[in-house]
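Novice: I have a structure here, written as structure tokens, and I will follow up with some questions on it.
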Amino acid sequence: MTAPSLRLEGSFALSVLPSTSISPLIAAPRVVAAAAPRPMPLFRRGLPSPISRRSCRFAVKASSAPPTAAELKISTIPTKPVEGQKTGTSGLRKKVKVFQEENYLANWIQALFNSLPPEDYEGGVLVLGGDGRYFNREAAQIIIKIAAGNGVGEILVGRDGLLSTPAVSAVIRKRGANGGFIMSASHNPGGPEYDWGIKFNYSSGQPAPESITDKIYGNTLSISEIKIADIPDVDLSSLGVVNYGNFTVEVIDPVSDYLELMENVFDFELIKGLVSRPDFRFTFDAMHAVTGAYAKPIFVDRLGASLDCISNGVPLEDFGHGHPDPNLTYAKDLVKIMYAEDAPDFGAASDGDGDRNMILGRGFFITPSDSVAIIAANAEAAIPYFKDGAKGLARSMPTSGALDRVASKLNLPFFEVPTGWKFFGNLMDAGKLSICGEESFGTGSDHIREKDGIWAVLAWLSIIAYQNKDKKVGEKLVSVADIAKEHWTTYGRNFFSRYDYEECESEGANKMMGYLRDVISKTKSGDKYGNYTLQFADDFTYTDPVDGSVASRQGLRFVFTDGSRIIYRLSGTGSAGATIRIYIEQFEPDVSKHETDAQTALKPLIGLALSVSKLSEFTGREKPTSLGEIC
Ligand code: VG1
Ligand code: CO
């Protein structure tokens, strides 16, 4: 028996989990050649074939007589459809226990392959990563084997199965992959009793559009067999490549492609100058979620922040019993630090899968709706990626109108899309959109096709650094609060709040929405609601300006003549019951009123929102689960 051959690029270790069939054969790999450095980007779809692409990668053969395509044994397992596998706002999310039921995940993955045109995956490359939550390890192996069973050429998987959602998008784009899977239920809590989720992104890195997710759902209802490769579990703990016939798994560093992109977007020297100032203190809370893997390499190793700037920096399967949602309710440790007497100058947090962010100054909270507006207003000056100005701006419908005012002042194209990042992708691909955001702590740009938590933190650090670049140590720095107040002075302030009523009975919630639809059908312009005069009320419908696709029933809106709005939606990301979201917004041009507490400023409108909807009658709820969480 000859030893297996091994070609290595760099000093990577590689192993394959013990398997009765191959483990004795891989015990003593033999180095035969060093591969040429890999040109980046490696390829684009339709360019060199996956095989020739792989030839410039280092390769490990799993046995002395390397298996050929014919030797990759594929089994077909019979299965039955499972109800309820409909994708919500962002992927399929259920309790872990549901995903652990026989073939539950496997059915969905196979249904996905049944929904894609074969040329979009056969012999192609898919990326796989996740936020490190409970069940990701098992899920990764299932996904790898079904991908191989369906003829995928290569899987690029983050070490330990880790890749943030924005990093998956970045890797898909950089490596020209056909798409990718994200194993995450995002900000939902993790652990055996909590949530798991899966998202699929397409070749430009964007979440799969509804046309695909609807097809997947359809196929979950008729599925009868699963194609799965008979290969051992892949060891995801170390970097390297393993081949099975024409199928390859490459374990990649979760950070390097993403970090390289961030270095191209931002002026790292500018940020470094700020972070290393003795009179500037910064703190980042990774909430024991995936950005724990990114925070040290980026903020500490690359930007020179001290290690104690990072808290909860180790990704854990249950997020340390936490709820990895960066907002005033769930990131309360950070809030406490930032509202203390000796608070740092800047604080930030990110969610389970690293696509959300919360931004705080000393004793000052930046609403996500304001955050995207402030970033857009300052991007051209402070962020090299936007040095020629933004192409266009966009927000989700319930997000406040603060961004609209920036678009109008900068004379930029502006778009209002339904909730969910998938609606921004087409606009970006068409070159119409650069910066966008959602009120739900999502901010991002066309550098990728997902919202991006660390990007938002770096954007804010860039703005603060830019505004203080001429300040000598000892001079008073322009603070986060100064930047926000200055912005309000220029543009006016959009007071905004969201009330969430989680895990309501679905029946009551649906009845309430039905009742509101009925109310809306009877409204007319000029109707009086307390001191407010109705301009219009409707159920938001969006027609994509690029491909003409229509998304209807995207939220009930009451829009008043002074620009105030009340919006009602049912969440599409929960895993139990129904979550009702009420969004309330009011514009205030008068600078002397800008420092009013948001809950005080919005009180009349909140009262109206509750009485118009008869919420407590329909749901029995007197109080939201999170009261004015976003204010
Ligand atoms: C929520 C937010 C929405 C966001 C989505 C995914 O959806 O409101 O703005 O895009 O979560 O975010 P819903 O349907 O529950 O309101 V993430 O970070 O959970 O992927
Ligand atoms: Co998320």
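Values in this text are rule-based calculations from the coordinates and carry no lab data. Worth saying up front: this structure is predicted, and the values here are computed from it rather than measured. Using ideal geometry, Cβ is built from the backbone for each residue, glycine included, and neighbour counts are taken over all protein chains shown.
Novice: Hey, how much of the P(r) for the chain falls beyond 46 Å, as a percent of Cα pairs?
Specialist: Here the tail beyond 46 Å accounts for 17 percent of pairs.
Novice: As an exercise, identify the trypsin sites (Lys or Arg not before Pro) in the stretch 359-425 lying in DSSP coil whose Cβ has no more than 16 other Cβ atoms within 10 Å.
Specialist: Counting only loop positions with at most 16 other Cβ atoms within 10 Å, the trypsin sites (Lys or Arg not before Pro) in the stretch 359-425 are Lys387.
Novice: Could you give P(r) for the stretch 256-394, binned at 10 Å from zero, as whole percent values over all Cα-Cα pairs?
Specialist: 12, 38, 41, 10, 0
Novice: Okay, next question. Please state, rounded to one decimal and in Å, the Kirkwood hydrodynamic radius that the stretch 102-175 gives when every pair of distinct Cα atoms enters the mean of 1/r.
Specialist: Mean inverse Cα-Cα distance, inverted, gives 12.7 Å.
Novice: With a cut-off of at most 13 other beta carbons within 10 Å, and DSSP calling the residue loop, which GluC sites (Glu not before Pro) in the stretch 542-631 qualify? Please list them.
Specialist: Filter output for the stretch 542-631: Glu595, Glu622.
Novice: Okay, moving on. Is there a pair in Lys451/Lys472; Lys336/Lys409; Lys336/Lys593; Lys95/Lys296; Lys593/Lys623 whose C-alpha atoms are over 29 Å apart, and which pairs would that be?
Specialist: Lys451/Lys472; Lys336/Lys409; Lys95/Lys296
Novice: Below 8 Å between Cα atoms, with a sequence gap of 6+, how large is the relative contact order for the stretch 406-449 in percent?
Specialist: RCO, the stretch 406-449: 28 percent.
Novice: Just subtract the alpha-carbon distance of Glu119 and Thr541 from 0.36 nm times their residue separation and send over the number in nm, one decimal.
Specialist: 148.7 nm
Novice: While we're on this one: Between Glu138 and Ser222, what is the FRET efficiency for a Förster distance of 22 Å, r being their Cβ-Cβ separation, to the nearest 0.05?
Specialist: Computed FRET efficiency for Glu138 and Ser222 comes out at 0.30.
Novice: Largest first and to the nearest Å, give the Cα extent of the stretch 479-559 along each principal axis.
Specialist: Largest first, the stretch 479-559 extends 47, 41, 35 Å along its Cα principal axes.
Novice: Provide the FRET efficiency to the nearest 0.05 for the Lys524-Ser552 pair, computing r from the beta carbons and using R0 = 30 Å.
Specialist: 0.90
Novice: Taking 0.36 nm per residue of sequence separation and subtracting the Cα-Cα distance, how much length would be gained by fully extending the chain between Ser211 and Glu269, in nm to one decimal?
Specialist: 16.6 nm
Novice: For the chain, calculate the relative contact order in percent as a whole number, restricting contacts to Cα pairs under 8 Å that are 6 or more residues apart.
Specialist: 13
Novice: Something else now. Compute log10 of I(q)/I(0) for the stretch 493-604 with the Debye formula, placing one identical point scatterer on every Cα and leaving out solvent, at q = 0.11, 0.22 Å⁻¹, to two decimals.
Specialist: Debye intensities relative to I(0), on a log10 scale: -0.44, -1.25.
Novice: Which of Asp351, Asp214, Asp285, Asp160 comes first, and how do the rest follow, when ranked by fewest Cβ neighbours within 10 Å?
Specialist: Ordered from fewest to most neighbouring Cβ atoms within 10 Å, Asp351, Asp214, Asp285, Asp160 come out as Asp214, Asp160, Asp285, Asp351.
Novice: Another question about this same structure. Could you tell me how many cubic angstrom of Cα convex hull volume the stretch 145-243 has per residue?
Specialist: Hull volume normalised by residue count: 143 Å³.
Novice: Could you run the Debye sum over the Cα atoms of the stretch 427-526, one equal point scatterer each and no solvent, and tell me log10 of I(q)/I(0) at q = 0.11, 0.18, 0.25 Å⁻¹, two decimals?
Specialist: At q = 0.11, 0.18, 0.25 Å⁻¹ the computed log10 ratios are -0.66, -1.07, -1.27.
Novice: Which whole-number percentage describes the relative contact order of the stretch 513-622, with Cα contacts under 8 Å and a sequence gap of 6 or more?
Specialist: 17
Novice: In nm², what is the average projected area of the convex hull enclosing the Cα atoms of the stretch 374-434?
Specialist: Orientation-averaged projected area of the Cα hull: 4.0 nm².
Novice: Still on this structure, please answer the following. What GluC sites (Glu not before Pro) does the stretch 190-247 have in DSSP loop regions with at most 11 other beta carbons within 10 Å?
Specialist: Counting only loop positions with at most 11 other Cβ atoms within 10 Å, the GluC sites (Glu not before Pro) in the stretch 190-247 are Glu193.
Novice: Stretched out fully, how many nm does the piece from Ser616 to Asp253 gain, at 0.36 nm a residue minus the Cα gap?
Specialist: Taking 0.36 nm per residue and subtracting the Cα distance, the gain is 125.7 nm.
Novice: Express the Stokes-Einstein translational diffusion coefficient of the stretch 208-260 in µm² s⁻¹, to the nearest whole number, given a Kirkwood radius over alpha-carbon pairs, 10 °C and a viscosity of 1.306 mPa s.
Specialist: 108
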